[in-house]
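J.: If you scroll down you'll find the structure; I have some questions about it.
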Amino acid sequence: MKTIIGNTRARRACAQLERAIGRIARKVAVRYAEGHTEPVTVGANDVVNWLGPRRFSREQARRQLPAGVAIGLAWTETGGEVLYVEATLLPNGRGMTLTGQLGEVMQESARAAQSYIWSHARELGIDRDRFRKYGVHIHVPAGATPKDGPSAGVTMATALASVYSGYPARADIAMTGEITLTAWCCRSAA
């Protein structure tokens with residue numbers, strides 16, 4: 001999925017790196033001021049000693065997923081992202097609500113995913129009445145970041161199958177791939 005992130009996320013990552021390097025540089029300066037004048041080399045294995053344990057990340061928070069959440073992979077200008085696609089049923093609601101700054105192609109993927117799940121409900125073990133009794137809301141967090149592209153379709157279909165069936169998706173699988181009305185085209189990473 002092509003995720004348009006602008007420069008905000010890249011600037012934030014650079015600022016975090018700059019702060020971490022600054023912390024190490026200040027610690028080296030304190031050591032030098034205390035009389036330890038030997039050269040300092042900081043390798044990858046030394047980072048925890050200099051900066052402390054790794055900070056808590058959102059990915060660590062989601063070891064188990066509730067029904068309606070699936071993990072997707074996104075292409076970005078700075079490498080890649082893990083995206084969570086969240087779906088919830090809206091009792092007595094109608095239609096589909098999409099939030100999270102989804103572009104036109106990504107919105108089409110959500111509609112195709114819903115049509116696929118609805119048309120394959122029987123083989124997926126989903127009661128078709130759930131489509132009539134509930135509206136659905138799909139949200140892709142990081143709403144300030146515009147997102148677009150077709151390859152979130154399989155993740156959206158998985159989130160929808162999960163919320164309509166009540167069964168959580170696996171938390172150790174991330175996926176990317178376009179969905180059509182007749183097939184899932186998917187790549188996953190465990």
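The values are calculated or read from the model by the stated rules, or taken from the named source; none is laboratory data. Small disclaimer: the values here were computed from a predicted structure and weren't measured. Every residue, glycine as well, gets a Cβ built from its backbone with ideal geometry; the counts of neighbours run over all protein chains shown. Heavy atoms of the whole protein, side chains included, go into the accessibility calculation; ligands, DNA and RNA do not. Shrake-Rupley method; radii C 1.70, N 1.55, O 1.52, S 1.80 Å.
J.: Can you tell which of Val105, Ala121, Ile71 lies farthest toward the positive end of the dipole of the range 47-159, using +1 and -1 charges on the Cβ of basic and acidic side chains (Lys, Arg; Asp, Glu)?
T.: After comparing all options, I get Ala121.
J.: Based on the Cβ-Cβ distance of Ala183 and Arg128, what FRET efficiency does E = 1/(1 + (r/R0)^6) give at R0 = 25 Å, to the nearest 0.05?
T.: For R0 = 25 Å, the calculated efficiency reads 0.75.
J.: On the accessible surface of the range 67-190, probed at 1.4 Å, how many percent belong to carbon and sulfur atoms?
T.: Carbon and sulfur atoms account for 51 percent of the accessible area of the range 67-190.
J.: Report the full-extension gain for the segment Arg170 to Tyr32: residue separation times 0.36 nm, less the Cα-Cα distance, to one decimal in nm.
T.: Full-extension gain reported as 44.7 nm.
J.: Then there is this: State the extension gain, in nm to one decimal, for the chain segment bounded by Trp75 and Leu98, taking 0.36 nm per residue of separation less the distance between their alpha-carbons.
T.: Once the chain is fully extended between Trp75 and Leu98, it gains 6.2 nm.
J.: Next question, about the same structure. Beta carbons within 10 angstrom, averaged per residue: use that to sort the peptides 127-137, 150-160, highest first.
T.: Final packing ranking: 150-160, 127-137.
J.: Which whole-number value in Å² is the accessible area per residue of the range 27-175, probe 1.4 Å?
T.: Dividing the accessible area of the range 27-175 by its residue count gives 57 Å².
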